[in-house]
Structures are given as structure tokens and as C-alpha cells.
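Laboratory data are not the source of any read-out in this text; all were calculated from the coordinates shown. In this text, all values refer to a predicted model and were calculated from it rather than measured experimentally. Here Cβ is always computed from backbone atoms with ideal geometry, including for glycine, and neighbour counts include all displayed protein chains.
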Amino acid sequence: MDIKNVLRRFEELLSQGRVDEAGQYLEETAAVSERGGDGLAEASCRNELTGFWRVCGQREKSYASAKRALALLSENGLAGSIDYATALLNYATAKSAFGESAEALPLYRRVEECYRELLPASDYRRASLYNNMAQALLRDGNTKEAAEYFEKSLRLLAEMTDVDSERATCNTNIAFCLLAEGRLDEAQKSLEVAEEGFRLLPGDPHYDGALSCRGRLEYLRGRYAEAAEAYRRLADNIEGRFGRNTNYAAACRSCAKAFAAAGLDDEAERFRLLAELAGR
């Protein structure tokens with residue numbers, strides 16, 4: 001099986017907005033690989049599915065894919081390899097995304113140790129690790145160490161080309177750190193750098209993070225209508241790509257809270273209902 005063509009087709013389906021079809025295609029390909037005894041091809045599919053199901057808000061499917069990928073790599077003598085570390089990174093990122101940062105951080109530390117031994121200091125994958133690790137630290141309430149890892153990631157990205165999305169995303173994450181510390185003016189500066197970067201990248205899915213950050217910043221400034229607008233756009237983006245999943249419901253809840261604070265009760269109630277329906 002030519003796994004590169006498989007993953008290329010998977011990405012094409014996603015880019016066309018055919019999300020359900022993309023997931024079904026990759027699951028079926030993984031099953032074919034399993035029946036054919038092609039453990040490495042299946043591991044590649046399962047590794048991709050870890051991230052796919054994470055973004056779709058399907059925790060158990062994401063975890064199951066990660067565990068299967070790691071087991072297959074171990075069975076094929078690749079424990080301790082870059083491929084194994086990358087699968088472990090994806091598992092950690094899923095753990096962090098689903099609110100289990102305390103469990104994610106030891107996994108990230110293992111990846112960091114492996115990357116330190118096997119990758120050059122300037123490798124892009126290190127920047128990606130630092131960014132993901134920092135997000136887990138931020139969710140765990142460790143804003144100081146999170147900021148340090150975001151800055152490490154940004155320093156590496158500054159030396160690379162074709163990483164505009166990653167740089168914008170990193171600046172968004174630094175803004176989230178600053179918000180957590182109550183440094184609103186500094187957060188706004190970092191967020192504006194991120195937003196300027198995303199303006200040159202129309203349709204980039206990582207812009208959702210900037211919208212979430214903008215919503216949070218405006219809410220903390222007491223600009224509730226502006227916060228609600230940012231969260232509304234975020235909800236629309238999520239719905240357009242993935243349907244009304246758990247992330248959509250969370251965006252609707254934030255939107256409802258902001259509309260309520262702005263005294264727009266009808267809009268607040270509408271988004272509360274949308275969140276409730278999406279959560280069923």
C-alpha cells in the first residue's frame with residue numbers, strides 16, 4: 001500500500017469539506033491494512049486518525065487510534081524511534097485537548113527527550129512539540145513555563161520558511177498566556193501580530209484559535225458585544241468544517257455568555273439552545 005497516496009487522498013477530502021467521508025476513508029484503509037498484516041501502513045493511518053478524531057471532538061476514538069498506532073510501532077521494533085515519538089506526541093496532544101493536561105505532560109516530556117537525542121536543534125518538529133507542550137502547560141495553569149515553551153517555539157520558527165501559519169498560531173498562544181496573567185495590553189499586541197499573519201492565510205483553520213483569543217480578550221475588557229461576535233464567527237467556522245460537534249457547542253456557550261453580559265438576552269438564549277442541541 002502506498003501510504004503517501006492514502007494520506008494525500010485523505011487531505012484532499014478534508015480540504016473539500018468532506019469530513020465524514022475523509023474519516024470513513026481512513027478508517028476503512030486502516031482496516032484493510034490490518035487484514036493484510038501491514039502494521040506500518042495501519043500505524044500511519046491510526047496516527048492520522050488520532051488527530052482527526054481529536055479535532056472532531058471524539059475522545060475515545062482519538063485515544064483508541066493513538067494506542068493502536070503506538071502498539072503497532074512497538075510490535076515492528078520502532079519503540080524509541082522518531083515515528084514512535086511523533087505518535088506519542090499526537091496522543092499527548094489529544095490528552096491535552098480533552099482536558100487531561102496532567103496526563104499529557106509526562107508524554108510530552110518523553111517526546112522531548114527523544115527529539116533531543118534524534119533531531120537537530122533547528123528541526124521543525126521541535127518547534128511543533130514546544131508549541132503543543134506549552135498549550136498543555138497553559139491548560140494546567142503553569143503560565144510561566146508555558147510562555148517559555150511558546151517563546152522557544154517562536155524562536156525556531158523565526159529561522160524557518162513556509163511556516164507563516166505556525167508563527168501566527170504561536171503568537172496567538174502567547175496572547176493566551178498573557179491573558180491568563182492579566183496582561184491585556186501585551187496580549188492584544190501579540191494577538192494583533194497573529195491576526196495580521198492570518199489575514200494573509202485565508203481559510204487557515206488555526207485562525208479559530210485567534211478568534212477564541214479575541215473573544216476572551218474583548219470579554220475581559222468588558223466589550224461584550226465584540227466578544228460575542230468573535231465567538232459567533234468561531235462557531236460558524238467550526239460548523240462549516242466539522243458540523244455541530246462538541247467544539248461548536250463550546251463556542252456557542254461562550255457566545256451566549258457574551259451576549260448575556262451585553263444585555264442581548266434573545267441572542268443569548270438562541271446560542272444557549274444551539275449549544276444544548278449540539279451537545280446531545
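Under 8 Å by Cβ, and 6 or more places apart or on different chains, what pairs join a residue from the range 1-16 that is surrounded by 10 or more Cβ atoms within 10 Å (Cβ to Cβ) with one that is in a loop (DSSP other than H, G, I, E, B)?
Met1/Gly36; Met1/Asp38
Just to be sure I understand the filter: pairs with C-beta atoms under 9 Å, separated by 6 or more residues or on different chains, first member in the range 176-201 and under 15 Å from Leu157 (Cβ atoms), second member surrounded by 15 or more Cβ atoms within 10 Å (Cβ to Cβ) and basic (Lys, Arg). Which pairs pass?
If the second residue must be surrounded by 15 or more Cβ atoms within 10 Å (Cβ to Cβ) and basic (Lys, Arg), the pairs left are Val193/Arg167; Ala194/Arg167; Gly197/Arg167.
Out of the residues in the range 192-214 that are among the charged types (D, E, K, R) and over 20 Å from Phe52 (Cβ atoms), which is surrounded by the most Cβ atoms within 10 Å (Cβ to Cβ)?
Arg214
Between residues in the range 29-43 that are over 22 Å from Glu11 (Cβ atoms) and residues that are surrounded by fewer than 17 Cβ atoms within 10 Å (Cβ to Cβ) and not hydroxyl-bearing (Ser, Thr, Tyr), which pairs lie under 8 Å by C-beta distance while being six or more apart or on different chains?
Going by the 8 Å Cβ cut-off, the qualifying pairs are Gly36/Met1; Gly39/Glu75; Gly39/Asn76.
Which residues, counting only those in the range 215-262, are surrounded by fewer than 18 Cβ atoms within 10 Å (Cβ to Cβ), more than 26 Å from Arg54 (Cβ to Cβ) and among the small types (Gly, Ala, Ser)?
Gly222, Ala225, Ala260, Ala261, listed by residue number.
Filter the range 121-177 down to residues that are touching a His at 6+ places or on another chain (Cβ under 9 Å) and of a type outside the set (Asp, Glu) and give me whichever is surrounded by the fewest Cβ atoms within 10 Å (Cβ to Cβ).
So, considering only residues that are touching a His at 6+ places or on another chain (Cβ under 9 Å) and of a type outside the set (Asp, Glu), the one surrounded by the fewest Cβ atoms within 10 Å (Cβ to Cβ) is Ser165.
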